[in-house]
Amino acid sequence: MLEVTGLHVAYGGIQAVRSITFHVGAGETVALIGANGAGKSSTLKAIARVVDAAGGDIHFCAEKISRIAAHEVIRKGIALVPEGRGVFARLSVLENLRMGAYICDAAAEVAQDMETVFAYFPRLKERARQLAGTLSGGEQQMLAIGRALMSRPKMLLLDEPSMGLAPIMVQKIFEVVRAVAADGMTILLIEQNARLALQCSQRAYVMESGEIVLNGESAKLLDDPKVRAAYLGE
Ligand SMILES: Nc1ncnc2c1ncn2[C@@H]1O[C@H](COP(=O)(O)OP(=O)(O)OP(=O)(O)O)[C@@H](O)[C@H]1O
Ligand SMILES: [Mg+2]
């Protein structure tokens with residue numbers, strides 16, 4: 001479904017991503033793991049066209065998307081949940097969700113999608129009229145994922161959904177990520193919590209200093225002594 005070939009991302013003189021190649025198949029959950037500054041977010045941002053690629057190609061559903069505008073990427077069916085969430089603090093939960101549905105005009109469909117989001121995150125329904133800025137960090141993460149789902153994506157790009165959250169909330173969020181995946185969503189998951197990412201995905205790529213240094217089935221990587229020593233703190 002997603003094919004990234006020889007992708008480069010640079011900020012001025014800084015090479016953040018150096019010619020990486022990977023793919024995500026329809027219905028797969030694939031993790032991209034690696035230390036701070038490895039280039040994970042830059043990779044996602046290049047796919048979502050929030051930053052320009054300095055080289056390489058990105059294809060989605062056999063169509064080249066490496067030069068189209070960011071809003072076109074959403075229309076093609078890719079929804080990014082950015083690092084730091086980016087919910088609209090001064091809008092309510094409901095209003096935030098409606099913003100996510102802006103590519104859909106049919107009120108009945110929006111209402112139905114909202115019920116789907118509330119089924120995944122009952123907490124958001126309880127807080128529907130609360131301002132997003134007053135939600136807890138975990139609730140904001142739920143809202144960011146819910147808002148992304150409102151665009152009826154074929155694929156979700158999740159940038160560190162666990163960031164800054166207490167373990168219990170991380171568990172809740174990842175239960176929903178698993179449920180969304182089980183319902184057929186294709187997911188590219190970025191995580192610094194390598195163990196969690198490997199437990200939630202079928203395959204994974206490990207990034208270091210802008211390059212992919214390892215890849216394989218997540219279950220095998222979880223058992224690999226080198227991976228355990230370098231990325232799982234064992
Ligand atoms: N807007 C920017 N301008 C300049 N340099 C940037 C910019 N964004 C990222 N970088 C640099 O690019 C490199 C990769 O950053 P990136 O955010 O992709 O890493 P990451 O793997 O997501 O890290 P983290 O786990 O800390 O989120 C880093 O060295 C970072 O300082
Ligand atoms: Mg990042």
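Would you mind estimating how fast segment 3-135 diffuses translationally, via Stokes-Einstein at 25 °C and 0.890 mPa s with the Kirkwood radius over Cα pairs, in µm²/s? Let's see the in-between values first.
On the way: Rh = 16.9 Å.
Rounded to a whole number, D works out at 146 µm²/s.
GNM, the chain, Cα, under 10 Å: largest mean-square fluctuation among 209, 201, 162?
209
For segment 37-75, state which trypsin sites (Lys or Arg not before Pro) are in a DSSP loop and have at most 16 other beta carbons lying within 10 Å of their beta carbon.
Working: sites: 40, 45, 49, 64, 67, 75; in loops: 49, 67.
Listed in order of number, the matching sites are 67.
Taking a ≥ b ≥ c as the square roots of the Cα gyration tensor eigenvalues, with a/c under 1.5 meaning rounded and otherwise prolate when a/b beats b/c, else oblate, which class fits segment 94-196? Before the final figure, lay out each step's value.
Working: a/c = 1.96, a/b = 1.31, b/c = 1.50.
Oblate shape, in that a/c is at least 1.5 and b/c is the bigger or equal ratio.
How large is the accessible surface per residue of segment 1-119, computed with a 1.4 Å probe and reported in Å² as a whole number?
Working: 5530 Å² over 119 residues.
Per residue, segment 1-119 has 46 Å² of solvent-accessible surface.
Where both partners of a DSSP beta bridge lie in the chain, what percent of those bridges are antiparallel, to the nearest 5?
Values: 21 of 39 bridges.
Rounded to the nearest five, the antiparallel share is 55 percent.
What's the magnitude of the charge dipole for segment 67-144 around its Cα centre, counting Lys and Arg as +1 and Asp and Glu as -1 at the beta-carbon? Answer in Debye, nearest 20. All intermediate terms of the calculation are to be shown ahead of the outcome.
On the way: 10 positive and 9 negative charges, 38 e Å.
The calculated dipole for segment 67-144 is roughly 180 debye.
For segment 152-218, with only Lys/Arg (+1) and Asp/Glu (-1) charged at the beta-carbon, what is the dipole magnitude about the Cα centre, in debye rounded to 20?
Values: 6 positive and 8 negative charges, 58 e Å.
The calculation lands at about 280 debye.
Could you give me the percent of Cα pairs per 10 Å distance bin for the chain, shortest bin first, beginning at zero and ending with the bin that holds the maximum distance?
Here the calculated profile for the chain is 8, 33, 36, 19, 3, 0.
Which of these, 203, 123, 18, has the largest mean-square fluctuation under a Gaussian network model of the chain (Cα springs below 10 Å)?
123
What percentage of the solvent-accessible surface of the chain, computed with a 1.4 Å probe over protein heavy atoms, is contributed by carbon and sulfur atoms? Don't skip to the end; give the middle numbers.
Values: 5530 of 10670 Å².
Reported share for carbon and sulfur atoms: 52 percent.
Once every DSSP H run of n ≥ 4 in the chain is given -39500 (n - 2.57) and the sum is divided by its residues, what mean residue ellipticity at 222 nm do you get, rounded to the nearest 500 deg cm²/dmol? List each step's numbers first, then the result.
On the way: 10 runs with 91 residues, N = 234.
Dividing the helical sum by the residues of the chain leaves -11000 deg cm²/dmol.
GNM on the chain, C-alpha springs below 10 Å: top fluctuator among 116, 29, 43?
Result for the chain, Cα springs under 10 Å: 116 fluctuates most.
The values are calculated or read from the model by the stated rules, or taken from the named source; none is laboratory data. Worth saying up front: this structure is predicted, and the values here are computed from it rather than measured. Backbone-built Cβ (ideal geometry, glycine too); neighbour counts: all protein chains shown. Accessible surface is based on the protein model in full, side chains and every heavy atom, while ligands, DNA and RNA are left aside. Shrake-Rupley method; radii C 1.70, N 1.55, O 1.52, S 1.80 Å.
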